[in-house]
Amino acid sequence: GAGVSQSPRYKVAKRGQDVALRCDPISGHVSLFWYQQALGQGPEFLTYFQNEAQLDKSGLPSDRFFAERPEGSVSTLKIQRTQQEDSAVYLCASSLAGGGVTDTQYFGPGTRLTVL
Amino acid sequence: LAKTTQPISMDSYEGQEVNITCSHNNIATNDYITWYQQFPSQGPRFIIQGYKTKVTNEVASLFIPADRKSSTLSLPRVSLSDTAVYYCLVGSRTGANNLFFGTGTRLTVIP
């Protein structure tokens, strides 16, 4: 079956531009996660949705980062006024149930954002 | 979340068995041990999970001693396609929903 998809796969933005990254989770998956992965590092948690409710946004680095999942399926991560330090791979993951380490997370291929 | 420590990198020849050990001295009673694998330009992929003793699936085995302060991921007869970063994670079923990855172990399989 179809896995988690993300678009675009690559995005180049000039400093100060706004970007929007899309995630299509596996159909029927309740939980959706966004992670940020810097070069040579492991993924770091940004935010978590259960259906349309954003239950945890503790990992968002600043108020320039905003995520939504209005109908409980597709999610968008928006970054306003991008800065060079925002350059990273943004990973989306979904899981069938309510999260937790025993609920396997399925990851998309990521969107590589480069801010010039 | 319990902190984990694993080697930064390992090299192995094709066909050998590879063992990657992860230390988690502060593991809690309710914590599970989970390993993910990440290939370049891909998202992480679940490999195996266990609570105690030994777990085996079609990809790997996970060995957990009685004190659970460490665990070892065993990959039998590795091939070039096993070159990846392997992450050890520890967490509970009712704990944080997100995963904490750390920096992982970069395994390079040499022909």
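The values are calculated or read from the model by the stated rules, or taken from the named source; none is laboratory data. Please read these numbers as outputs of a predicted model, since none were measured by experiment. Note: ideal-geometry Cβ built from the backbone for every residue, glycine included; neighbour counts use all protein chains shown. Areas reflect the complete protein model, heavy atoms only, side chains present, ligands, DNA and RNA absent. Shrake-Rupley method; radii C 1.70, N 1.55, O 1.52, S 1.80 Å.
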Using DSSP to define loop residues, name the trypsin sites (Lys or Arg not before Pro) in segment A:20-75 whose beta-carbon has at most 15 other beta-carbon atoms within 10 Å. A:57, A:64
A drop of at least 30 square angstrom in accessible area, chain alone versus all protein chains together, probe 1.4 Å. Which residues of segment A:86-116 meet that? A:100, A:101, A:102, A:104, A:105, A:107
When chain A is treated as a Gaussian network with springs between alpha carbons less than 10 Å apart, the largest mean-square fluctuation among A:17, A:54, A:37 is found at A:17
What is the calculated FRET efficiency for residue A:5 to residue B:41, with r their C-beta to C-beta distance and R₀ = 22 Å, to the nearest 0.05? 0.95
Projecting the Cα atoms of A:2, A:31, A:110 onto the charge dipole of chain A, where Lys and Arg contribute +1 and Asp and Glu -1 at Cβ, the residue farthest towards the positive end is A:110
As an exercise, use a Förster radius of 25 Å and the Cβ-Cβ distance of residue B:67 and residue A:96 to find the FRET efficiency, rounded to the nearest 0.05. 0.20
For residue A:74 and residue B:108, extending 7 Å from Cα along the Cα-Cβ vector and measuring point to point gives, in nm, a value of 4.2 nm
What is segment B:9-110's relative contact order, in percent, from Cα pairs under 8 angstrom and six or more apart in sequence? 37 percent
Past 21 Å, Cα to Cα, is the threshold; run B:3/B:69; A:57/B:69; A:14/A:78; A:57/B:52 against it and keep the listed order. A:57/B:69; A:57/B:52
log₁₀ of I(q)/I(0) at q = 0.09, 0.18 Å⁻¹ - the protein assembly as shown, Debye sum with one point per alpha carbon: -0.37, -1.31
Counting only protein heavy atoms and leaving out ligands, DNA and RNA, the solvent-accessible surface of residue A:29 at a 1.4 Å probe, in Å² to the nearest 10, equals 20 Å²
Projected onto the charge dipole of the protein assembly as shown (+1 at Lys/Arg Cβ, -1 at Asp/Glu Cβ, origin at the Cα centre), which of B:20, B:81, B:8 gives the Cα projection farthest towards the positive end? B:8
Roughly how large is the B-A contact in terms of buried accessible area, totalled over both chains, probe 1.4 Å, nearest 100 Å²? 1700 Å²
Accessible area per residue, Å², the protein assembly as shown with all protein chains present, probe 1.4 Å: 49 Å²
For segment A:5-115, what relative contact order do you get, as a whole percent, if you take Cα pairs closer than 8 Å and at least 6 residues apart? 36 percent
Debye intensity ratio in log₁₀ form over the Cα atoms of chain A, taken at each q of 0.12 Å⁻¹: -0.37
Value of Rg/Rh across chain B [Cα atoms, Kirkwood radius]: 0.95
